[in-house]
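Please treat every number below as a calculation from the coordinates, not as lab data. All figures in this text were calculated on a predicted structure; none of them were measured in a lab. Here the Cβ is made from the backbone with ideal geometry for all residues, glycine too, and neighbour counts use every protein chain on show.
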Amino acid sequence: MVTVKMLKPYYVKTEEKYVRIILAYQYFSVVINKKVYQFIPVESNEIRINRRTQMVENTEAVFAFQNGKDIVNVSMSKLISIPDFLNQLHSIAESYYHTEASLRKTDQEKAIHLFIDELERDNIKRLIDMTLDSRDEEMFYSLTKLL
């Protein structure tokens, strides 16, 4: 039976689609048959989680753990079957997930920026009309460069 004793990321790297939790020696340990095994970065050293679905993507990864001279390999698929492992993993990564609210907020921000750009463009056009009415050639050329 495998239980997680400690899971701390060495560092967390975010990308557009993924949260990568990078592991290092002494930051990840498990208990197997009442013996504590320390993670060693021999094979895999990261956990990749999809930011939108919040699912572990690299289920094929295999992690090596060492106790003295004894080395045990544990697959990611076995680790994600441990509820405590998933709880700790999600508590590390939850601040990096894309939530519906944050996605809507970025969409709203984009819409606001587009609307402001459109208003500024319309304002420049009105100023150009005013310079045409007043026959201010110098101002007309400087304003048309802004479009």
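Couple of notes before you dig in:
- Residues of region 50-69 that are in contact (Cβ under 8 Å) with a residue 24 or more places away in the chain and closer than 18 Å to residue 36 by Cα: 63, 64, 65, 66, 67.
- Single condition residue 63 does not satisfy, out of (1) assigned to a loop (DSSP other than H, G, I, E, B); (2) hydrophobic (A, V, I, L, M, F, W, C); (3) under 25 Å from residue 95 (Cα atoms): (1)
- Residue list for region 64-76, filter: farther than 15 Å from residue 45 by Cα and of a type outside the set (D, E, K, R): 67, 68, 71
- Residues located in region 1-19, provided they are over 18 Å from residue 53 (Cβ atoms) and assigned to a loop (DSSP other than H, G, I, E, B): 1, 8, 9, 10
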